Amino acid sequence: MSEELSQETISKQKKIELAQSDYAPVVLEILKDCMRNTPLIDKKSQWTTVVNAITLDVQGTLLRDVADYLESIRKGSLHEPKE
């Protein structure tokens, strides 16, 4: 049990270090680089347009979640005890 707690503590410390470092914006840039540049509307197929819209929504949500999570860590959320 104490080993799991120690690993969790180390993991939290690493996340805090990353979120507070100069590398946090770089991580976000890497995520943006990995996202496909998908046009919303496909003139050939309505189905592809629907798929593209869903893909863009999911990618945007993921990117926003990562950004919000890094910001919350930066503000100390991992220092607060879990309920």
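Just so you know, all these numbers are worked out from the coordinates, no wet-lab data involved. Please read these numbers as outputs of a predicted model, since none were measured by experiment. Here Cβ is always computed from backbone atoms with ideal geometry, including for glycine, and neighbour counts include all displayed protein chains.
I'd like the full set of residues that are surrounded by 12 or more Cβ atoms within 10 Å (Cβ to Cβ) and within 13 Å of the chain's Cα centre (by Cα), limited to the stretch 19-60. Scanning the stretch 19-60 gives 19, 24, 27, 28, 31, 35, 59. Residue count for the stretch 38-80 under the criterion of being in a loop (DSSP other than H, G, I, E, B) and more than 28 Å from residue 24 (Cα to Cα): the result is 6. Under the condition of being over 30 Å from residue 78 (Cβ atoms) and not hydroxyl-bearing (Ser, Thr, Tyr), the residues counted in the stretch 15-55 number 15.
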